[in-house]
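Reviewing the structure listed below.
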Amino acid sequence: MAQHNETGKQGEAEAVRYLRENGYELVAQNYRYQHAEIDIIAKKGKLLIFAEVKTRTNLNYGNPEEFVSFTKAKLVMKAAEHYIFAHGWMHDIRFDIIAVTLAGNEFNSKHIEDAFS
């Protein structure tokens, strides 16, 4: 596996740990619909979040959250719409970014709520 794929998997695992530690329940990971993928779907009470995880090993080119493009956000929203209708979700939703930086063996997670608004 390429190093960037391994880094991404580590970042997603850290994001799941972070969300669970903060009271969220993991619903799904790597949910796919057509060409779109949602990294994490989590729930807290009657709130469903669709989270894009971005992981970087250094900040030389910017913060991880800066790499979520408009096109990526639209794809996540399209997949989320499919998920909502397929599962009959009738409560609130939110789109978040979890930016993870990895320095050596230390993770730093930054949770950005309502990131696509």
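Put in line by how crowded their Cβ is, counting other Cβ atoms within 10 Å and starting with the fewest, Val76, Val16 read Val16, Val76.
Which ordering of Ser109, Ser117, Ser69 is given by a fewest-first count of other beta-carbon atoms within 10 Å?
Values: Ser109 19, Ser117 6, Ser69 9.
Result, fewest neighbours first: Ser117, Ser69, Ser109.
From zero up to wherever the largest Cα-Cα distance of the chain sits, split into 5 Å bins and tell me the percent of pairs in each. The distribution over the chain is 2, 12, 23, 25, 20, 12, 5, 2, 0, given as percents. As a length-normalised measure over Cα pairs under 8 Å and 6 or more apart, the relative contact order of the chain settles at 26 percent. With neighbour counts taken as other beta-carbon atoms within 10 Å, the residues Val53, Val27 rank, fewest first, as Val27, Val53. Using the Karplus relation 6.51 cos²θ - 1.76 cosθ + 1.60 with θ = phi - 60°, the per-residue 3J(HN,Hα) values for segment 19-24 come to 4, 4, 5, 9, x, 8 Hz, with x marking Gly and Pro.
Cα to Cα, under 17 Å, and not fewer than 8 places away if on the same chain: which aspartates and glutamates meet these conditions relative to Lys44? Here the aspartates and glutamates satisfying the reach criterion relative to Lys44 are Glu21, Glu25, Glu52, Asp92, Asp96, Glu113, Asp114.
Set the bar at 21 Å for Cα to Cα. Now go through Lys9/Lys78; Lys9/Lys72; Lys9/Lys46; Lys54/Lys74; Lys78/Lys110 and name every pair that lies beyond it. Don't skip to the end; give the middle numbers.
Details: Lys9/Lys78 23 Å; Lys9/Lys72 18 Å; Lys9/Lys46 28 Å; Lys54/Lys74 16 Å; Lys78/Lys110 24 Å.
Too far apart for the 21 Å limit: Lys9/Lys78; Lys9/Lys46; Lys78/Lys110.
Please find the FRET efficiency linking Phe85 to Ala28, where r is the Cβ-Cβ separation and R0 is fixed at 22 Å, and quote it to the nearest 0.05. Mind showing how you got there, number by number?
Values: r = 15 Å, r/R0 = 0.68.
Taking R0 as 22 Å, the efficiency between Phe85 and Ala28 is 0.90.
Bear in mind that the values in this text are calculations on the coordinates, not laboratory data. Every value quoted in this text rests on a predicted model; they were computed, and no experiment measured them. Quick reminder, even Gly has a Cβ in these numbers, built from the backbone with ideal geometry, and neighbours come from all protein chains shown.
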